[in-house]
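The values are calculated or read from the model by the stated rules, or taken from the named source; none is laboratory data. Since we're looking at a predicted model, the values are computed, not measured. In this analysis, Cβ positions are derived from the backbone assuming ideal geometry, glycine residues included, and neighbour counts consider all displayed protein chains. When the accessible area is computed, the model is the full protein with side chains, heavy atoms only, and any ligands, DNA or RNA have been set aside. Shrake-Rupley method; radii C 1.70, N 1.55, O 1.52, S 1.80 Å.
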Amino acid sequence: AWDRLLAEATTEGVLVHERGEILRVNAALARLFGYDPEALVGRSGAELVAPESRALFAAHLAAAPSTPLDGFALRRDGTTF
């Protein structure tokens, strides 16, 4: 039920993590990064962060804020956005 809700509730990318470990992603987010959703589960969210934003990501994760992170992401093919 959770996966269907996550997949159907939005066309935006959604990632659920615990301390940076990816627990779930929806199809929209997986497509954005160039992966199948199952290929991302269990991986570190840091793998999806572009090198120039990794320090920012680590600080953001440590602070556990309720606001989204604004930085650069890394697709499977190596391109950033």
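Table: residues versus (1) under 20 Å from ASP77 (Cα atoms); (2) not small (Gly, Ala, Ser).
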{"residue": "GLU21", "(1), (2)": "no, yes"}
{"residue": "ARG31", "(1), (2)": "yes, yes"}
{"residue": "TYR35", "(1), (2)": "yes, yes"}
{"residue": "LEU40", "(1), (2)": "yes, yes"}
{"residue": "SER44", "(1), (2)": "yes, no"}
{"residue": "GLU47", "(1), (2)": "yes, yes"}
{"residue": "ALA50", "(1), (2)": "yes, no"}
Quiz item: What is the residue count in region 14-39 for residues that are at positive phi and either modelled with pLDDT under 90 or under 11 Å from the mean Cα position of the chain (by Cα) (or both)?
Solution: 2
Quiz prompt | Filter pass, ALA73 being farther than 15 Å from VAL14 by Cα and either of a type in the set (Gly, Ala, Ser) or at pLDDT 95 or above (or both) | solution = no
Quiz item: Under 8 Å by Cβ, and 6 or more places apart or on different chains, what pairs join a residue from region 35-53 that is open to solvent by less than 70 Å² (accessible area, probe 1.4 Å) with one that is among the polar types (S, T, N, Q) and in a strand (DSSP E or B)?
Solution: ALA50/THR80
Self-check item: Near pairs, Cβ below 6 angstrom, 6+ apart or cross-chain, from region 11-31 (free of Cβ contacts under 8 Å to residues at least 60 places away in the same chain) to any residue that is among the polar types (S, T, N, Q) and open to solvent by 20 Å² or more (accessible area, probe 1.4 Å)
Solution: GLY20/SER44; ALA28/THR11
Quiz prompt | So LEU48, is it closer than 12 Å to GLY20 by Cα and at pLDDT below 95 | solution = no
